[in-house]
Structure formats: C-alpha cells, structure tokens
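Here's the structure we're looking at; comments come further down.
The values are calculated or read from the model by the stated rules, or taken from the named source; none is laboratory data. In this text the structure is predicted, and so the values were computed from the model without any measurement. Cβ atoms come from the backbone with ideal geometry, glycine included; neighbour counts cover every protein chain shown. Ligands, DNA and RNA are stripped out before the accessible areas are found, and what is left, the full protein with its side chains, is counted by its heavy atoms. Shrake-Rupley method; radii C 1.70, N 1.55, O 1.52, S 1.80 Å.
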Amino acid sequence: MYKTILLEKDGRIATLTLNRPEAMNSMNGVMMRELAESLESLQTEKSVQVLVIKGEGRAFSAGGDIKAMLDKENPLDIDEAMTYLTRIATALYKLPQITIASVNGAAAGLGFSMVLGCDIIIAEENSKLAMNFIGIGLVPDGGGHFFLKERVGIPKAKQLMWSGQLFSGKEAQKIGLVDEIASDGLGSATAASYAQKLIQSPIAAMIASKEILHATKINELQTVLEKEAVTQSAMRRTEDHLEGIKAFVEKRKPEFKGR
C-alpha cells in the first residue's frame, strides 16, 4: 500500500516503520505524504490502542531529505511539504492510541520532531538525537518547537534548538528528552515489550487522560505549525540556508552571515 513506510497491525498494537533504509529513513515528499495518510487513518482505528513508531535499518530517521532539497530537476515544494508536516504533527498529537517512539541510530531534525511528538520515547544507549535544523539555517518544523518545549520547557528548548547539540540516548535521558533506555540493538524488542505491558494495563483510562491533556493544547500546536510553515518557507530563501546546504554537501564548516 505504501512505498516508504510499513503499517502493520497485530491485535491492539500497530507498528509504523519508516522504510527508506538506504537513505537512513530521511523524509522526502512521498514519505511525508504517506506518514500523514497513515497517521490520519489511525484516528478512527478504535481497535488499536498502542502505536510503535520505528525506523528500518541503522537509523530512526536522519530528518528531511537533503538530496531532495538539492534536486534541481524535481525540487522539493516547501509549501507542500509544510502542509504534510502540519498534517503529520496534528494527527500524531491527536491519535487515540498511546504512541511509543523506538529510536536506534540517528533521530535528527524532522526525525527528532516526530520522536518528540510521541507519548513515550525509548532510545538505544548510543543512538544519536539532535534538533539540528540550525546547521542548515532552518528552524525546527514538524511541530518541533511545540514538542520540544513540552518536553523540557521554553528556556531549555531554545538552547537545544539554537545549539543543534547532539545527544546519545543516555545523555538525552538525563535531560528529559528520552523516557527509557534500551541496550544497543534491542530498541525494537524493548519497545515491543513495553507495548505488551501497556495493553495489559487499564489502557482505556490512560488514553482518556491523554485526550483530556492534549485537548487543552491543540490550538497552541496549530498556532505553532502555522508559524513554522510561514517561517520555514522564508528561511529556505535565505543566504544562510543556501550556505548551510552547500557546506553540508561539501563536508565543511558553514560560513553564516545572518541573512
């Protein structure tokens, strides 16, 4: 059904797998659309009570697809992409399931935004997590501002966004970015075990509490997503972004000029 993701259901547990391992599950336009569609399809899936989100291969997701950003023959439509990201973040936050992010390898940029949007984050010890949009002159998107602030508060969120600091799973847990740590190579098994424990709990009450808490924040999330869309479109046209992308491809330190 999908080209870049897998959505599998096993009783009351569903698993959504980002499936572009050859590209470290970086998100191109097709994956963004398919993620939006799959998450929206789960909005009315009352028989599923837990959703595990993971990445195939050696990473959760390296973030937005840099190659797609540089493709001159078929350039990424930033406004269309931001529409997909708004749908993804909104659907993820409103899901009537408990969501578990299972992180192995890199969860960077947009990939990290998706991780932070989950209810429970399980990361392998030496996974690499970073809100590193700043490295290519962009702002967080996919609800990254909202989800990061919800996790660590506004002052710390600003520090993390502005620095683009990279954390191991263990380091991320110490500052509240991650809930549980798994041994390297055992992230998926740990998440599956956690999911089983959840469905053996009074999970209907847990989902009801989630809905109550999130209902008070939906308007705020929508405001953030609207501002991210407008701002990211503007940032894509800056000299700093073009320099950041060029430096990334050339594997050198960028020379930003603040414009």
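Just to be sure, is K72 out of contact with any Gly (no Cβ under 7 Å at 6 or more places or on another chain), of a type in the set (D, E, K, R) and modelled with pLDDT of 95 or more? Spell out how you get there, then give the answer.
Numbers: out of contact with any Gly (no Cβ under 7 Å at 6 or more places or on another chain): yes; of a type in the set (D, E, K, R): yes; modelled with pLDDT of 95 or more: no.
No, not satisfied.
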Original post:
Under 7 Å by Cβ, and 6 or more places apart or on different chains, what pairs join a residue from region 127-153 that is in a loop (DSSP other than H, G, I, E, B) with one that is open to solvent by 10 Å² or more (accessible area, probe 1.4 Å) and β-branched (V, I, T)?
Top reply: G137/T238; V139/T231; G142/I88; G143/V224
Original post:
Somewhere in region 104-111, is a residue in contact with a strand residue (DSSP E or B) (Cβ under 7 Å, 6 or more places away or on another chain), buried (at least 18 other Cβ atoms within 10 Å of the Cβ) and assigned to a helix (DSSP H, G or I)?
Top reply: yes
Original post:
How many residues does region 105-142 contain that are under 13 Å from the mean Cα position of the chain (by Cα) and either polar (S, T, N, Q) or within 11 Å of L39 (Cβ to Cβ) (or both)?
Top reply: 4
**OP:** Enumerate the pairs (first residue in region 87-112 and of a type in the set (D, E, K, R); second residue anywhere and open to solvent by less than 10 Å² (accessible area, probe 1.4 Å)) with beta-carbon separation below 7 Å, excluding pairs fewer than 6 apart on the same chain, so at least 6 apart or on different chains.
**Re:** R87/A36
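Which residue out of E171, E220, E250, E211 is open to solvent by 30 Å² or more (accessible area, probe 1.4 Å) and touching a Phe, Trp or Tyr at 6+ places or on another chain (Cβ under 8 Å)? Can you show your working first?
Details: E171 fails: touching a Phe, Trp or Tyr at 6+ places or on another chain (Cβ under 8 Å); E250 fails: touching a Phe, Trp or Tyr at 6+ places or on another chain (Cβ under 8 Å); E211 fails: touching a Phe, Trp or Tyr at 6+ places or on another chain (Cβ under 8 Å).
Residue meeting the stated conditions: E220.
Out of all the residues in region 7-19, is one or more of a type in the set (A, V, I, L, M) and either part of a loop (DSSP other than H, G, I, E, B) or out of contact with any strand residue (DSSP E or B) (no Cβ under 6 Å at 6 or more places or on another chain) (or both)? Steps first, please.
First pass over region 7-19, keeping only residues of a type in the set (A, V, I, L, M): 7, 13-14, 16, 18.
Add one more test, that the residue is either part of a loop (DSSP other than H, G, I, E, B) or out of contact with any strand residue (DSSP E or B) (no Cβ under 6 Å at 6 or more places or on another chain) (or both), and what stays is none.
No, region 7-19 contains no residue that is of a type in the set (A, V, I, L, M) and either part of a loop (DSSP other than H, G, I, E, B) or out of contact with any strand residue (DSSP E or B) (no Cβ under 6 Å at 6 or more places or on another chain) (or both).
Residue under question is M1, and the condition is that it be without any contact (Cβ under 8 Å) to a residue 24 or more places away in the chain and among the hydrophobic types (A, V, I, L, M, F, W, C); does it hold?
Numbers: without any contact (Cβ under 8 Å) to a residue 24 or more places away in the chain: yes; among the hydrophobic types (A, V, I, L, M, F, W, C): yes.
Yes, satisfied.
Pick out the one residue from L35, L6 that is modelled with pLDDT of 95 or more and surrounded by fewer than 21 Cβ atoms within 10 Å (Cβ to Cβ).
Criteria check complete, one pass: L6.
Identify all residues within region 142-168 that are open to solvent by 50 Å² or more (accessible area, probe 1.4 Å) and either more than 16 Å from C118 (Cα to Cα) or hydrophobic (A, V, I, L, M, F, W, C) (or both); write none if there are none. Before you say what the answer is, go through the steps one by one.
Our first condition is that a residue be open to solvent by 50 Å² or more (accessible area, probe 1.4 Å); within region 142-168, this holds for 145, 150-151, 154-156, 158-159, 162-163, 165-166.
If the condition is that a residue be open to solvent by 50 Å² or more (accessible area, probe 1.4 Å) and either more than 16 Å from C118 (Cα to Cα) or hydrophobic (A, V, I, L, M, F, W, C) (or both), then I154, P155, K156, K158, Q159, W162, S163, Q165, L166 are the ones that fit.
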